[in-house]
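Student: Just dropping this structure here.
Read-outs throughout are calculated quantities, based only on the coordinates presented, and are distinct from any laboratory measurement. Predicted, not measured: the structure shown is a model, and the values here were computed from it. With ideal geometry, Cβ positions are generated from the backbone for all residues, glycine too; neighbour counts draw on all protein chains shown.
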Amino acid sequence: MEIPSKYDPTTTEDKWYAYWMEHKLFRSVPDERKPFTIVIPPPNVTGVLHMGHMLNNTIQDLLVRRARMRGYNALWVPGTDHASIATEAKVVQKLRKEGIKKSDLSRDAFLEHAWEWTHKHGGIILEQLKKLGASCDWERTRFTMDEKYYDSVIDCFLDLYKKGKIYRGERMINWDPAALTALSDEEVIYKEVASKLYHVKYAIAGSTSEFITIATTRPETILGDTAICVNPKDERYLHLHGKKAIVPLLGREVPIIADEYVEMEFGTGCLKVTPAHDPNDFLLGEKYKLEVVNMMNADGTISPAGQLYVGMDRFEVRTKIVEDLSAAGHLVKTEEHINKVGYSERTDVVIEPRLSLQWFVDMKELSKPALDHVMDDTIRFFPPKFKNAYRNWMENIKDWCISRQLWWGHRIPAWYGPDGTFEVAKTEAEALALFQAKNPAITASDIQQDPDVLDTWFSSWLWPISVFDGFYKEDEVSYYYPTADLVTAPEIMFFWVARMIIAGYEYRGTFPFRNVYYTGIVRDKQGRKMSKSLGNSPDPIDLMAQYGADGVRVGMLLSSPAGNDLLFDESLCEQGRNFANKIWNAFRLVKGWEEKVDNTVVQPESARVAIEWMNARFQAVLADLNDDYDKFRINEALMSTYKLVWDDFCAWYLEMVKPAYGSAMDATTYAATISIFENILKVLHPFMPFLTEEIWHFISERAAGTGSLCVATWPEANEANPALLGKFDQFTEVMIGLRNIRKENNIPQKEKLSMKVKAANADTTFDANIIHLGNLESIEYSSEKPSNSFTFIVNGNEYFVPFTANVDVEGERKKLTDELNYTKGFLKSVEAKLSNERFVNNAPAAVLETERKKQSDALSKIAMIEEKLSTLN
RNA sequence: GGGAGCUUAGCUCAGCUGGUUCAGAGCAUCUGCCUUACAAGCAGAGGGUCACUGGUUCGAACCCAGUAGCUCCCACCA
């Protein structure tokens with residue numbers, strides 16, 4: 001059979017993914033095994049795969065595949081999020097392109113479009129995840145608007161309402177004038193912008209000469225002014241307390257009040273108060289019973305209450321009113337000013353603080369267990385530094401505004417009667433019954449359901465429960481919940497992670513996941529966040545086509561410790577691809593031996609030792625690997641595996657057991673090599689599932705399905721034999737010594753050499769390999785020190801390779817002299833330490849001991865080198 | 001304004017309890033090799049004031065204080 005010298009992932013990947021699906025190897029149902037569960041952070045239903053997903057899902061797949069191999073009943077639940085505002089925005093945009101305005105459509109007609117869009121684009125991302133190799137149980141794919149899931153969201157609302165945790169209230173909320181909806185605080189992004197601070201003077205009522213000057217960045221809100229406020233301690237304005245000011249352009253008289261809230265140092269120390277359009281002003285308004293003038297419409301235009309500029313956009317008005325103020329002589333000056341302005345996360349328009357009736361969740365009590373159990377490490381954060389931010393947020397948690405003025409989502413189960421009262425109920429019939437209990441005359445046509453939907457996160461916070469229909473049946477949720485690990489981005493720690501923990505304690509009485517692994521942000525080489533608008537993000541599908549899914553997986557994991565941003569560079573994928581190719585070629589070599597196996601050939605000593613060592617080495621790395629996984633040091637686990645394969649297995653082991661060209665191989669060595677290779681494939685599998693599965697089946701016939709590598713048993717941990725590993729290190733040093741002699745003196749590898757050893761610590765374990773790999777005639781042990789030889793020292797043993805024909809004796813002398821000088825310098829530093837009385841008196845015995853050993857070793861080495869120098873002639 | 005974190009080789013980062021894993025890894029670079037698994041490879045080599053300043057200690061990349069720079073999170077200074 002001819003195997004190509006380069007690994008070709010394209011056909012392999014599709015073949016094995018189909019195989020895994022066909023044999024339902026990712027399927028999980030409860031059984032007697034211990035469960036290991038991961039729920040996917042559901043991507044937006046109409047989203048496409050980006051690099052962040054790649055990183056995130058590669059890690060999840062890695063964890064779940066390893067757990068599966070370790071005998072857990074491993075389940076990775078996939079699904080998508082309806083992403084109410086994001087999806088609705090996309091649908092609105094698409095309709096606009098077709099010349100349809102949302103406002104022209106009925107709710108039902110709009111939802112029909114939205115579902116159509118969802119069915120068309122929904123699940124693309126899940127198909128893309130399959131390309132990556134994601135081992136999800138696809139039969140369980142959930143959507144946050146599935147019928148049952150929808151029900152659980154509504155039931156959760158009803159439950160919290162009954163518990164008095166949900167209330168409706170008029171609050172200052174963040175209003176998105178483009179999407180025409182309220183946003184939670186977390187959906188507002190503050191950006192520093194260069195703006196202007198306008199100083200505007202207001203006349204004092206009853207005086208023609210007196211003025212008071214305020215400073216504002218939003219002059220258009222002057223239309224909503226109902227007071228002027230100064231600090232009571234501010235001596236500049238004492239004389240104005242209790243007087244009234246006249247709002248420019250409008251001529252409205254407003255009170256001048258005094259409150260500590262005003263900073264005397266900022267601006268003029270004098271603040272205009274617009275209770276309807278600023279959260280702080282709103283509080284002042286409540287405190288001083290001020291009039292509330294709501295001068296802005298939902299879309300950011302001026303309302304009739306503003307009196308002037310009615311119907312104009314808020315930003316046009318800003319320009320216009322400044323001109324008018326200036327013309328009327330009210331503008332004192334304009335300063336450049338940097339301030340922070342809130343933008344909508346989704347639509348990127350400036351948020352308008354707006355007074356409105358919204359639904360809220362009272363978070364104070366609900367969140368308590370969620371705070372405590374992260375702080376006491378019941379739920380562990382990786383890296384733990386995020387506990388700080390979490391605590392900070394949880395300790396200052398505010399009520400959660402959960403209503404959104406959108407159509408796409410879970411509709412709020414509240415109905416309003418003709419008198420404005422409301423009832424919360426699961427269905428309209430139930431609501432009607434509640435109304436009729438109070439007033440039998442009310443009919444269905446008298447009541448109307450709240451038009452708003454719930455915040456997306458009000459559904460996704462139930463994800464770890466509701467994917468198992470945990471609100472309705474126990475069989476699955478009691479088995480799979482709490483889940484094992486959650487892999488997500490720190491950006492959604494408050495949006496999602498914290499709230500899932502809260503819901504978990506509220507509805508299951510325990511944590512939703514044991515570990516939270518926070519990935520970093522995938523950035524480009526210059527450290528910029530990858531984004532569509534910058535165009536700096538490669539298409540993951542293209543990448544996988546180019547480097548193979550395994551190559552990209554390795555590339556993603558090579559340099560991404562938890563919580564650290566990943567500076568992505570395609571060369572990482574290249575390295576991943578090269579690694580895949582290396583493994584492939586190791587396989588080709590081993591496969592090539594199969595037909596050379598000869599039962600009559602006796603196993604060479606060199607191979608016997610090599611096998612023993614390789615097994616020990618494997619065990620040592622396996623121990624590290626398991627430890628790295630436990631600590632979520634994913635990139636270190638990968639690097640250990642990388643070195644195990646490349647350095648230990650390929651560079652050393654395979655060379656040690658490789659039979660001479662054309663020679664046969666003994667059966668024992670071949671079998672052992674296959675066994676080692678299989679173990680290596682197992683630990684590689686979570687990183688590179690496709691390639692390893694391919695080789696696994698090339699190695700031998702496997703039972704259909706059950707013989708798949710992804711359900712093979714993770715290698716058992718055993719003693720590593722550290723003594724042998726130590727001897728091996730010594731062996732490699734001898735080999736390096738020999739290679740250097742050849743290299744420096746241009747002695748071809750083909751030329752056989754002989755070697756003599758004056759051994760202080762004779763150990764012949766690896767001699768057969770030294771002869772084999774070093775291409776030596778022999779190794780002779782003697783107490784003699786042969787002259788005219790190349791020499792090197794390893795662990796107190798002196799190695800001599802007699803000069804061959806054309807030798808540079810001077811060069812050899814210089815080399816020895818350099819080494820001598822270095823060793824003398826080293827000795828000097830050690831002796832300086834040892835002659836320091838305070839060191840000798842204070843350092844622990846063990847440290848002292850090693851220093852003394854260093855000293856004696858250096859002394860004997862110096863003696864050896866000097867002696868060798870004297871034998872050169 | 002408050003908080004957290006970071007600064008170690010050209011790049012990305014390890015360095016866990018202060019001392020034999022103590023100055024490391026991978027990549028990149030340079031040199032020599034198409035050696036019958038692999039040039040997507042092999043054999044070697046160079047490269048660091050551990051941000052800076054001081055302190056503690058017999059001993060500091062590591063602990064403490066300060067300084068500088070960078071990053072992130074939180075917060076309504078108009």
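Student: Compute the Cα gyration tensor for the range A:151-258, then decide on rounded, prolate or oblate, letting a ≥ b ≥ c be the square roots of its eigenvalues: rounded whenever a/c is under 1.5, prolate when a/b is larger than b/c in the other cases, and oblate in all that remain.
Tutor: prolate
Student: Along Cα→Cβ, 7 Å out, is where each label goes; now give me the distance between the ones at A:ILE100 and A:ALA671 in nm to one decimal.
Tutor: With each label point 7 Å from Cα toward Cβ, the separation is 7.0 nm.
Student: Another question, if that's okay. Could you tell me how many degrees, from 0 to 90 and to the nearest 10, lie between the Cα long axis of helix A:634-643 and the main elongation axis, the longest principal axis, of the Cα atoms of chain A?
Tutor: 20
Student: Okay, moving on. Which lysines have a Cα less than 20 Å from the Cα of A:LYS165, not counting those fewer than 8 places away in the same chain?
Tutor: Excluding near neighbours in sequence, the set is A:LYS364, A:LYS368, A:LYS398, A:LYS426.
Student: Run the helix sum for chain A: -39,500 (n - 2.57) per DSSP H stretch of 4+ residues, divided by residue count, reported at 222 nm to the nearest 500 deg cm²/dmol.
Tutor: -13000 deg cm²/dmol
Student: Can you give the angle from 0 to 90° between the axis of helix A:605-630 and the longest principal axis of chain A, with both taken from C-alpha atoms, to the nearest 10?
Tutor: 20
Student: Just list whichever of A:LYS131/A:LYS387; A:LYS385/A:LYS525; A:LYS243/A:LYS333 have alpha carbons separated by over 32 Å in the model shown.
Tutor: Too far apart for the 32 Å limit: A:LYS131/A:LYS387.
Student: While we're on this one: Would you give the gap between the C-alpha center of the range A:225-283 and the C-alpha center of the range A:75-121, rounded to a whole Å?
Tutor: 45
Student: Enumerate the lysines that A:LYS750 could reach by cross-link, defined here as Cα to Cα under 30 Å, with residues fewer than 8 away along the same chain left out.
Tutor: Within the straight-line cut-off, A:LYS750 pairs with A:LYS6, A:LYS582, A:LYS591, A:LYS596, A:LYS643, A:LYS658, A:LYS727, A:LYS758, A:LYS785, A:LYS814, A:LYS815, A:LYS868.
Student: Please give the helix A:51-69 orientation as an angle from the longest Cα principal axis of chain A, in degrees from 0 to 90, rounded to the nearest 10.
Tutor: 60
Student: In nm, give the distance between the simple-model label positions of A:ARG391 and A:MET264, each being 7 Å from the Cα along the Cα-to-Cβ direction.
Tutor: Reported label-point gap for A:ARG391 and A:MET264 is 3.7 nm.
Student: Which percentage, to the nearest 5, of the DSSP beta bridges contained in chain A is antiparallel?
Tutor: Antiparallel bridges make up about 70 percent of those DSSP assigns within chain A.
Student: Using the per-residue mean of other Cβ atoms lying within 10 Å as a proxy for protection, in what order, highest first, do the peptides A:188-195, A:517-524, A:167-174 fall?
Tutor: A:517-524, A:167-174, A:188-195
Student: A follow-up question, please. Which listed residue (A:SER466, A:THR488, A:VAL453) has the Cα farthest towards the positive end of the charge dipole for the range A:453-505, taking +1 on Lys and Arg C-beta and -1 on Asp and Glu C-beta about the Cα centre?
Tutor: After comparing all options, I get A:VAL453.
Student: Is any residue of the range A:658-679 close enough, with backbone N under 12 Å, to a label point placed 7 angstrom from the Cα of A:THR713 along the Cα-Cβ axis, and if so, which?
Tutor: Zone members listed by number: none at all.
Student: Can you tell me the order of A:821-834, A:841-854 when each peptide is scored by its average per-residue count of other Cβ atoms within 10 angstrom, highest first?
Tutor: A:821-834, A:841-854
Student: I've got another one for you. Classify the range A:66-112 as rounded, prolate or oblate, taking a ≥ b ≥ c as the square roots of the eigenvalues of its Cα gyration tensor: rounded when a/c is under 1.5, otherwise prolate if a/b is larger than b/c and oblate if not. List each step's numbers first, then the result.
Tutor: Numbers: a/c = 6.17, a/b = 4.04, b/c = 1.53.
Prolate shape, in that a/c is at least 1.5 and a/b is the bigger ratio.
Student: In the range A:7-43, which trypsin sites (Lys or Arg not before Pro) are in a loop and have at most 16 other Cβ atoms within 10 Å, using DSSP for the loop call? Please report the intermediate quantities before stating the final value.
Tutor: On the way: sites: A:LYS15, A:LYS24, A:ARG27, A:ARG33; in loops: A:LYS24, A:ARG27, A:ARG33.
Hits after loop and neighbour filter: A:LYS24, A:ARG27, A:ARG33.
Student: By the scheme Lys and Arg +1, Asp and Glu -1, what is the net charge of all other residues having a beta-carbon under 9 Å from that of A:LYS131?
Tutor: -2
Student: Less than 24 Å apart at the alpha-carbon level, and either on another chain or at least 8 residues along: which lysines does that give for A:LYS102?
Tutor: A:LYS90, A:LYS94, A:LYS120
Student: Which of rounded, prolate or oblate describes chain A when judged by the alpha-carbon gyration tensor and an a/c cut-off of 1.5?
Tutor: Here chain A falls in the prolate category.
Student: Using r as the Cβ-Cβ distance of A:VAL809 and A:GLN855, and R0 as 45 Å, what FRET efficiency do you calculate, to the nearest 0.05?
Tutor: In this case the efficiency is close to 0.90.
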